[in-house]
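*Asks:* The structure under discussion is supplied below as structure tokens; questions concerning it will follow.
The values are calculated or read from the model by the stated rules, or taken from the named source; none is laboratory data. Since the structure is predicted, the reported quantities are computational estimates derived from the model, not experimental observations. In this analysis, Cβ positions are derived from the backbone assuming ideal geometry, glycine residues included, and neighbour counts consider all displayed protein chains.
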2 protein chains.
Amino acid sequence: MSLTVIGHMNPDTDSIVSAIAVADLLSKRGMAAQPAAQGKPTPETEFVLKKFGLSAPAVTDDVAGKKLWLVDYSDIAQAPKGLAEAEILGIVDHHKLGDVTTPNPLEVWTWPVGCTGSVIKAMYDFYGVEMPKGIAGGLLCAILSDTVMFKSPTCTDLDKKAVDALAKIAGVSDVMALGMEMFKVKSAVEGASMKDLVFRDYKDFDMGGKKVGIGQLEVVDLSILNPVKDGLYAEITKVKSEGRHSVFLLLTDIMKEGSEMLIVSDDPAVVEKAFGVKAEGRSVWLDGVMSRKKQVVPNFEKAFK
Amino acid sequence: MSLTVIGHMNPDTDSIVSAIAVADLLSKRGMAAQPAAQGKPTPETEFVLKKFGLSAPAVTDDVAGKKLWLVDYSDIAQAPKGLAEAEILGIVDHHKLGDVTTPNPLEVWTWPVGCTGSVIKAMYDFYGVEMPKGIAGGLLCAILSDTVMFKSPTCTDLDKKAVDALAKIAGVSDVMALGMEMFKVKSAVEGASMKDLVFRDYKDFDMGGKKVGIGQLEVVDLSILNPVKDGLYAEITKVKSEGRHSVFLLLTDIMKEGSEMLIVSDDPAVVEKAFGVKAEGRSVWLDGVMSRKKQVVPNFEKAFK
């Protein structure tokens, strides 16, 4: 049976392009594989796929009975339906180790770097497989996106080296110009529903037994979001009412390098406990906070304990 | 703070030598690290350490407050006390993915191969670090032990290639002769207490909410164990009475390539459910079964579901 390579819920560029790349690498290692995704590409990802001539993976929402590789997560909460009836043969990731377990040995490549794309570049090198130009361009954009053009505290030297190497393969001469072009696409809010915006980059976590949702919108200037802030707040209030303890939405200004966090919670004091700053009304400004994974999730996990 | 590299409970040769090797590799990557073990070396491991001039790692039974790399496991049940108060920065393994989780990103190298030593050989190559001769000899023996000199179904081409490369570094000309010498040491039961023998290579598992212990003794000829079989049965009966649902002890004949399994269980029918053969009295012969990890644990996990 052919392998299915699938990223997390509400797929971002890393999740989509990594699935495409790992399926390519596995195929070239002699294992038939195809990429899948738990949803359609965001406008940012669409821009990347089009730019580098890649096709969006088929949308799959039930993986029962399949043989899987997971990319960009190892948490059951971020997995598709049917995971318990699937066989996990591999994981490529750059996040904390989640609660996925397996009955059989598997191949895991997880590194504490800024992007799964950087791990995948090392895997191609390790297996001596030549990377197609389009996949190199896609992974390059995934790294620029995940590391907010190297500004995120999650960014490591390995990510920067991977970008240099990928740019050469993809034939990209001005990496930062490509990054700005991509982030302008990402910043656009016209035509998107509030639901689309909240779930553009959204994850549910189990924190001390409580279901906590954390979304993030990254823009080149926070003022872009002024017209939609009330709508976003109403939307996360609705999302919270669907059985969650809290929903937080990070509005990240990649130029000012910080995030305004919108807060809906049964216990809003958890925010001060986590970050040492008091929320004013429905939101709080978190200076220097750009990474959900490195600066937000660990603080909340401690605060919810 | 210096990193502590620590293997699983009831450490085998792989667990001990892998801790020594990963601590060496991390140190050479610029991170101060030292090996530790959850117990003293077995006679087999003592033979290996002495043969290649390695020192037994310090015995550590509480890791609270430490920064850790885990080698050869990712199950909480096999971890030392204080794991919840420690920080896990890396895992190197060749087993199923266990229930260890982390709040932060980490480095994981897990491959579906016969021995953690084979993964570590690839890590030295990947990081371009020269492996000391003694460590190469130790890892070589770990692979011979875990793969029962390439006879175990867990053995892969990568293990064989690693052995070839390690033998060159260690200056070992006759790998199979070294293996036989080691397995003769492992087969010896003189002077060991029944408790020592049962726990020489023993692991507890959580199977469908039940605590299940599985031990394994590998000998070059099963008749070596005739004088101690009654004593071993009495000992696992005692171990079971300490809050376990079942205890199984595999007596593996590496020449006949099969195992006699001693059985103490609240539900002995689980053995037939798992292996399709009926136990006769207190034991059953499992032809071709040599690997706890690949041939025993997955079958029991299904049967206990």
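*Asks:* Any idea which of B:291, B:223 is among the hydroxyl-bearing types (Ser, Thr, Tyr) and within 14 Å of chain A (Cβ to nearest Cβ)?
*Replies:* B:291
*Asks:* Shifting gears a bit: I'm trying to understand the selection: among the residues of the stretch A:7-35, which are within 18 Å of residue A:203 (Cα to Cα) and surrounded by fewer than 22 Cβ atoms within 10 Å (Cβ to Cβ)?
*Replies:* Those that are within 18 Å of residue A:203 (Cα to Cα) and surrounded by fewer than 22 Cβ atoms within 10 Å (Cβ to Cβ): A:9, A:10.
*Asks:* Let me ask you something else. Can you name every residue in the stretch A:176-200 that is of a type outside the set (A, V, I, L, M, F, W, C) and either surrounded by fewer than 19 Cβ atoms within 10 Å (Cβ to Cβ) or assigned to a helix (DSSP H, G or I) (or both)?
*Replies:* A:179, A:181, A:184, A:186, A:187, A:190, A:191, A:193, A:195, A:196
*Asks:* Of the numbered conditions (1) within 25 Å of residue B:258 (Cα to Cα); (2) within 17 Å of the chain's Cα centre (by Cα); (3) buried (at least 21 other Cβ atoms within 10 Å of the Cβ), residue B:163 satisfies every one except a single condition; which is it?
*Replies:* Here residue B:163 meets the rest and fails (2).
*Asks:* Next question, about the same structure. Identify, from the list B:40, B:50, the residue that is more than 14 Å from chain A (Cβ to nearest Cβ), on the phi < 0 side of the Ramachandran plot and either assigned to a loop (DSSP other than H, G, I, E, B) or among the aromatic types (Phe, Trp, Tyr) (or both).
*Replies:* Every option except B:40 fails the conditions.
*Asks:* Do you know which residues across the stretch A:73-98 are without any contact (Cβ under 8 Å) to a residue 40 or more places away in the chain and either at positive phi or among the charged types (D, E, K, R) (or both)?
*Replies:* Of everything in the stretch A:73-98, those that are without any contact (Cβ under 8 Å) to a residue 40 or more places away in the chain and either at positive phi or among the charged types (D, E, K, R) (or both) turn out to be A:81, A:82, A:85, A:87, A:93.
*Asks:* Please state which of the following conditions residue A:136 fails to meet, knowing it meets all the rest: (1) more than 14 Å from chain B (Cβ to nearest Cβ); (2) surrounded by 17 or more Cβ atoms within 10 Å (Cβ to Cβ); (3) closer than 27 Å to residue A:211 by Cβ; (4) among the small types (Gly, Ala, Ser).
*Replies:* In the conditions (1) more than 14 Å from chain B (Cβ to nearest Cβ); (2) surrounded by 17 or more Cβ atoms within 10 Å (Cβ to Cβ); (3) closer than 27 Å to residue A:211 by Cβ; (4) among the small types (Gly, Ala, Ser), residue A:136 misses (3) alone.
*Asks:* Can you confirm whether the stretch A:214-222 contains a residue that is assigned to a helix (DSSP H, G or I), at pLDDT below 95 and among the aliphatic types (A, V, I, L, M)?
*Replies:* Yes, there is a match, as at least one residue in the stretch A:214-222 is assigned to a helix (DSSP H, G or I), at pLDDT below 95 and among the aliphatic types (A, V, I, L, M).
*Asks:* Can you tell me how many residues in the stretch B:155-196 are hydrophobic (A, V, I, L, M, F, W, C), closer than 22 Å to residue B:292 by Cα and at pLDDT below 95?
*Replies:* The total comes to 5.
Every residue, every condition in (1) small (Gly, Ala, Ser); (2) more than 7 Å from chain B (Cβ to nearest Cβ), yes or no:
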| residue | (1), (2) |
| --- | --- |
| A:99 | no, no |
| A:119 | no, yes |
| A:125 | no, yes |
| A:142 | yes, yes |
| A:146 | no, yes |
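*Asks:* For the stretch A:120-128, does any single residue satisfy the condition of being surrounded by fewer than 24 Cβ atoms within 10 Å (Cβ to Cβ), over 20 Å from residue B:111 (Cβ atoms) and in contact (Cβ under 8 Å) with a residue 40 or more places away in the chain?
*Replies:* no
*Asks:* While we're looking at this one, here's another question. Tell me which of these residue B:298 doesn't satisfy, since it passes every other one: (1) crowded, with 19+ Cβ neighbours inside 10 Å; (2) within 14 Å of chain A (Cβ to nearest Cβ).
*Replies:* (1)
*Asks:* Scan the stretch B:112-125 and give yes if some residue there is in the same structural domain as residue B:162 (by TED's automatic domain parsing), hydroxyl-bearing (Ser, Thr, Tyr) and modelled with pLDDT under 95, otherwise no.
*Replies:* No, that holds for no residue.
*Asks:* Can you find even one residue in the stretch B:270-288 that is outside the structural domain of residue B:112 (by TED's automatic domain parsing), touching a Gly at 6+ places or on another chain (Cβ under 8 Å), at pLDDT 95 or above and buried (at least 20 other Cβ atoms within 10 Å of the Cβ)?
*Replies:* Yes - at least one qualifying residue is present in the stretch B:270-288.
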